[in-house]
1. Being surrounded by fewer than 20 Cβ atoms within 10 Å (Cβ to Cβ) and either within 15 Å of the chain's Cα centre (by Cα) or at pLDDT 95 or above (or both) narrows it down to one residue among L112, L56; which is it?
2. Out of region 86-97, which residues are of a type in the set (A, V, I, L, M), surrounded by fewer than 20 Cβ atoms within 10 Å (Cβ to Cβ) and either on the phi > 0 side of the Ramachandran plot or assigned to a helix (DSSP H, G or I) (or both)?
3. Can you name the residue in region 10-59 that is of a type in the set (G, A, S), touching a helix residue (DSSP H, G or I) at 6+ places or on another chain (Cβ under 9 Å) and part of a helix (DSSP H, G or I) and is also nearest to D83 (Cα to Cα) among such residues?
4. Can you tell which of A13, A38 is touching a Lys or Arg at 6+ places or on another chain (Cβ under 7 Å), in contact (Cβ under 8 Å) with a residue 12 or more places away in the chain, over 15 Å from A88 (Cα atoms) and of a type outside the set (S, T, N, Q)?
5. Have a look at D83, D100 and point out the one that is free of Cβ contacts under 8 Å to residues at least 40 places away in the same chain and part of a loop (DSSP other than H, G, I, E, B).
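The values are calculated or read from the model by the stated rules, or taken from the named source; none is laboratory data. From a predicted model like this one, the values you see are computed outputs, not experimental measurements. Cβ placement follows ideal geometry from the backbone for every residue including glycine, while neighbour counts extend to all protein chains displayed.
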Amino acid sequence: MSEGLPARGIVLAHGGMARGLVDAVTKISGAEDGAVVALSNEGKSPQTLQDELARLLDEGPAIVFTDLPSGSCAIAARMGCRDHPRHAVVTGVNLPILLDFVFNRHLPMNELVPRLLSKGVGSVKSSPGYS
């Protein structure tokens, strides 16, 4: 990262999904406290959600991971990250993306984000292998 700080992951999702993903990635990876944090939209107005996200984004470089590419979580993420080169939004979050993030969060954003997108797409498989 340009400031020498590793990126922080903020999982912004509907209901309990954010907490579940953060819990899983922390248990699997042993990631340090605060490397990935959960933020749910549950029971929050759009403004409250944006305000909570803004407080988290003030703490340094971050990638906001959302469950869907649209909706309240994605809108809050895009609004919070616009015009901030130290922040990025990645939609369609899954566990492989988050695991790769915690082990590579020291990379510059222009390397980290494409890596995460590739990991996410590459982790979607079927068995048997239908195309």
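1. Values: L112 fails: surrounded by fewer than 20 Cβ atoms within 10 Å (Cβ to Cβ).
Only one candidate passes the filter, namely L56.
2. L95 - this is the single residue of region 86-97 that is of a type in the set (A, V, I, L, M), surrounded by fewer than 20 Cβ atoms within 10 Å (Cβ to Cβ) and either on the phi > 0 side of the Ramachandran plot or assigned to a helix (DSSP H, G or I) (or both).
3. Selected residue: A54.
4. A38
5. Numbers: D100 fails: part of a loop (DSSP other than H, G, I, E, B).
So the residue among D83, D100 that is free of Cβ contacts under 8 Å to residues at least 40 places away in the same chain and part of a loop (DSSP other than H, G, I, E, B) is D83.
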